[in-house]
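Rule-based calculations on the coordinates, nothing more; no lab input. Everything quoted here is computed from the prediction, not taken from an experiment. With ideal geometry, Cβ positions are generated from the backbone for all residues, glycine too; neighbour counts draw on all protein chains shown.
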Amino acid sequence: MINLNGLKTYGNANLIENLKGKKPFFICTIATTATCKIQNISGAGANTELMVYTPAGDCELMIHGELLCCDIPPQTVSNGASAPTPAMISKGMIELTNMPFLIANAGCEVNPDVPYILINDKAGEDIRTGLAVDNPEKIFENSKIIAKEISKTCDYLVVGESIPAGTTTALGVLTALGYDANFKVSGSSPENPHELKKDTVYEGISKSDIKIGEFNSFEAVRVVGDPMIPTVAGMALGSEKPVILAGGTQMAAVCAFIKNLVPDYDFSKICLGTTAYVARDETADLIDLISQIGEITINVVDPYFEKSKNKGLNNYLKGFVKEGAGAGGTMLTALLLGYSIDDIRKKIEEVLE
């Protein structure tokens, strides 16, 4: 483990060392499933009715700096307190570093009013039905093509996600593939509804005649997953360059998908870039999840929001939000490009103001 300028690396630091000063390309993958409409299952929006607007709102804030799809900004609200969407962190890092980026739409109920690449045009269903995602194979193949072409223009890809209730669908895929994931996925609010997530997953799996641990990657996504997982997995496998998976426990599901699909896959060209708020989440266990899958390096960025005067950022320390929209990976990218943690935090505060 190394600790340098706000970065802790769990695992092999060679990949990150080799990416210092290199040219990144950021892709924010967005999607929704009807799972996010289950009451109290996600905090990735001001209320349940607004959850489906969160990915679109995140993109509009990143690109336009304002909302076009709705009036209430994406935020986590709990007991009268709130924290801003991590899309504002990614927006700050895009502005700070001037890194090129694009939006990959993997299937949203509400599409953003921004330019995007369309990977899949159908949102996911409620995983309790056991019919979560149509044709995940096509989604996977489409994203492989996109990543192969984009990776020709850069030295590495940074791939993030914005999908409300994504930790529940991640739990679904991890469980279906046979991993010990109950009570280990993170969440966007201080109260992590583990029992609700577990019950939701098992209800969906019960609709299938496949036993836990006997699913393949595509079956797991089809029954209890989401469109983001095969999209990001396809990008990781399609890229001709190294890939930073910019996220937390949802990226564990992506890695599990890859491992099941390609059992002897060499994860040395892939690593995770996430926030300290996921890594320190006492209601989850990202490091254990990843260790079950393989030798995959986790890079943890701590922006020291306790030093900020912004109350919304202070609430990240209380269990709000934690990660999303590529926040951890884009901050990691800024570090790799030579910016300091203080530079990073100040830019985020500037964008929020």
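Observations on the model:
- Gaussian network model of the chain, Cα within-10 Å springs - most flexible of Cys271, Cys36, Cys69: Cys69
- Under Karplus coefficients 6.51, -1.76 and 1.60, residue-wise ³J(HN,Hα) of region 5-17 in Hz, glycine/proline x: 6, x, 10, 10, 10, 9, x, 7, 8, 4, 4, 5, 4
- Aspartates and glutamates whose Cα lies under 12 Å from that of Lys211, excluding same-chain neighbours fewer than 8 positions away: Glu219
- Take each peptide in 147-156, 311-320, count the other Cβ atoms within 10 Å of every residue, and average; sorted highest first, the result is 311-320, 147-156.
- Of Asn40, Asn105, Asn192, the residue with the greatest mean-square motion in the GNM of the chain, using alpha carbon springs below 10 Å, is Asn40.
- Gaussian network model of the chain, springs between alpha carbon atoms under 10 Å - residue of Leu61, Leu332, Leu19 with greatest fluctuation: Leu19
- Cross-link reach list, lysines versus Lys91, counting only Cα pairs under 23 Å and skipping chain neighbours closer than eight places: Lys8, Lys20, Lys22, Lys23, Lys307, Lys309, Lys311, Lys318, Lys322, Lys346, Lys347
- Bridge type composition, the chain - antiparallel percent by DSSP, nearest 5: 30 percent
- Estimated FRET transfer efficiency (Ser268, Thr153; beta-carbon r; R0 22 Å; 0.05): 0.50
- Per-peptide average of other Cβ atoms within 10 Å, ordering 201-210, 251-260, 21-30, 135-144 highest first: 251-260, 21-30, 135-144, 201-210
- Cα-projected label distance for Glu191 with Asn18, points at 7 Å along beta-carbon direction, nm: 4.7 nm
- Local electrostatic count, Gln292, Cβ distance below 14 Å [Lys/Arg +1, Asp/Glu -1]: -2
- Positive minus negative residues near Asp266 (Lys, Arg vs Asp, Glu; Cβ under 14 Å): 0
- Between Leu68 and Asp209, the contour length at 0.36 nm per residue exceeds the alpha carbon distance by 46.5 nm.
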